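Below is one structure, written out as structure tokens, with a few remarks after it.
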Amino acid sequence: MKDNLLKLTTEERNPNSMNLPHMSIEAATAMMNHEDEACTKAVQAILPVINQVIEICVDTIRSGGRVIFTGAAHSGYLGMLDAYEANATFGTTDEFTAIVAGNFTDMMKTDGSAEDVEENGGLDLQNRHVTVKDFVIGISSSGRTPYVIGALSWCQQKGIRCAGLVNNKHSIVAEHCDLVMEAVAGAEVITGSTRLKAGTCQKMILNMITTITMAQLGNVYENLMINVPPVSKKMRTRLEYILDQATNCTLVTAHELLVQCDYNVKAALLMALKGISKEQALDELAAADGNINQLV
């Protein structure tokens, strides 16, 4: 690596936390809360490039491609968390996919050295059959993780759109992607522990990417989840409440409509709002590529 790890913002010592072991609990929580305020400001400063990334995500998924988060250790885990939670919230299948260095199955047994193998970044994307239809987002707090650099370099060689999410300015990652989101929130409370402010910035941005992309694609009505998988009694009950909130119908009516539609809440919502049949609702949804916000 041609940079100096210890000169990175994320590796600086934070003067506000130098006395952490001797602080009272009250002082320590107040200090950490104050430090976290920097995360909101750091994300706010790069909203224009986040907006560009989201536009590409929308275009990618609308065109049948995938948004792929790739990273190592904590950065990779956050990408995986959002990819998994997108399924629970929006009923996605592989629209959001995550690859973590080492292809771990047990977070507590992850091979920490996996992030150092640059060539595996590209090989793992190749093994997941990543093509020009897809969009890859490499996540690296330092901006110098070899695995992520390898993944992004491979994308550029193959003509695949890619972006970086980092927590330092002028990073190596920035040299290997089309767009870079540099959320710099300053030194960590524990020196170099990027699961803290850096991780918070990453999670805030990933929340924006998945949530706003899905809203743009019609998987949110007003501010309601309307593509929740009906995989459990709790989720089916949630869908009944969502339909009730969206249409002001009774819970009994919501239940009946959802049963008719096999818990396709978009179809049930159209039936309730427009007074049409299940068949008409399904036809309208198909014509709108499932985007209910084009229909009501």
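The values are calculated or read from the model by the stated rules, or taken from the named source; none is laboratory data. Keep in mind that this is a model prediction, so the values were computed, not measured. Every residue, glycine as well, gets a Cβ built from its backbone with ideal geometry; the counts of neighbours run over all protein chains shown. Heads up: the accessible areas ignore ligands, DNA and RNA and are worked out on the full protein's heavy atoms, side chains in. Shrake-Rupley method; radii C 1.70, N 1.55, O 1.52, S 1.80 Å.
Under 12 Å from the Cβ of THR250, count the other residues' Cβ atoms, weight Lys and Arg +1, Asp and Glu -1, and hand me the total. Value of the local net charge: -3. Applying a threshold of 18 Å to the alpha-carbon distances of LYS133/LYS266; LYS7/LYS169; LYS41/LYS197; LYS169/LYS197; LYS41/LYS169 flags LYS133/LYS266 as lying beyond it. Here Cα extents along the principal axes in Å was computed from the coordinates, and among (i) 66, 41, 34; (ii) 82, 54, 40; (iii) 65, 52, 37 the match is (iii).
Roughly how big is the chain's charge dipole about its Cα centre, with Cβ charges of +1 (Lys, Arg) and -1 (Asp, Glu), in debye to the nearest 20? It would help to have the intermediate numbers written out before the result.
Numbers: 23 positive and 34 negative charges, 17 e Å.
Dipole magnitude for the chain comes out near 80 debye.
For ALA101, the amide hydrogen comes within under 5 Å of the amide hydrogens of GLY71, ALA72, ALA73, counting only partners 5 or more places away or on other chains and with H modelled in the peptide plane. Sparse packing (at most 12 other Cβ atoms within 10 Å of the Cβ) combined with a DSSP loop state is found for the following trypsin sites (Lys or Arg not before Pro) in the range 2-82: LYS2, ARG13.
Note down the relative contact order for the chain as a percent, whole number, built from C-alpha pairs under 8 angstrom at least six residues apart.
On the way: 515 pairs, mean separation 58.2, N = 296.
So the answer I get is 20 percent.
With all protein chains in place and a 1.4 Å probe, the accessible surface of the chain carries 51 percent carbon and sulfur. Residue by residue, the range 204-213 carries 3J(HN,Hα) couplings of 4, 6, 4, 4, 4, 4, 5, 5, 6, 4 Hz when phi is fed to the Karplus relation 6.51 cos²θ - 1.76 cosθ + 1.60 (θ = phi - 60°); x denotes Gly or Pro. Phi angles of the range 151-165 translate, via the Karplus equation with coefficients 6.51, -1.76, 1.60 and θ = phi - 60°, into HN-Hα couplings of 5, 5, 4, 4, 4, 5, 5, 9, x, 9, 4, 8, 9, x, 10 Hz per residue; Gly and Pro are given as x. Of the GluC sites (Glu not before Pro) in the range 164-267, the ones in a loop by DSSP (not H, G, I, E or B) with at most 15 other beta carbons within 10 Å are GLU222. When the Cα positions of ILE209, ALA187, VAL231 are compared along the charge dipole of the range 175-231, VAL231 comes out farthest toward the positive end, with charges on each C-beta of Lys, Arg, Asp and Glu.
With a Förster radius of 35 Å, plug the Cβ-Cβ distance of ILE276 and MET235 into 1/(1 + (r/R0)^6) and report the FRET value to the nearest 0.05. Write out the running numbers ahead of the final one.
Details: r = 25 Å, r/R0 = 0.72.
Efficiency for this residue pair is about 0.90.
Tell me the relative contact order for the range 43-132 as a rounded percent, counting alpha carbon contacts under 8 Å between residues six or more apart.
Details: 76 pairs, mean separation 21.3, N = 90.
Once normalised by length, the contact order is 24 percent.
Mean residue ellipticity, 222 nm, helices only, the chain: the sum of -39500 (n - 2.57) across DSSP H runs of n ≥ 4, divided by residue count and rounded to 500, is -15500 deg cm²/dmol. Positive contributions from Lys and Arg (+1) and negative ones from Asp and Glu (-1), summed over other residues with Cβ under 12 Å from the Cβ of ALA183, come out at +3. Each 10 Å bin from zero holds the following percent of Cα-Cα pairs in the range 73-184: 15, 47, 34, 4. Straight Cα distances below 17 angstrom link LYS203 to the aspartates and glutamates GLU35, ASP36, GLU37, ASP82, GLU85, GLU182, GLU188, with same-chain residues fewer than 8 positions distant left out. Each part reduced to its alpha carbon centroid, the range 115-187 and the range 39-79 end up 12 Å apart.
Label zone (ASN248, point 7 Å along Cα-to-C-beta; backbone nitrogen cut-off 19 Å) within the range 254-296: 254-255, 269-276, 296.
Sorted by average packing, counted as other Cβ atoms within 10 angstrom per residue and highest first, what order do 284-293, 122-131 take?
Details: 284-293: 14.9, 122-131: 16.6.
Taking the mean over residues of other Cβ atoms within 10 Å, the ranking is 122-131, 284-293.
Taking a sphere under 14 Å around the Cβ of ALA86 and counting the other residues whose Cβ falls inside, with K and R at +1 and D and E at -1, yields a net charge of -2.
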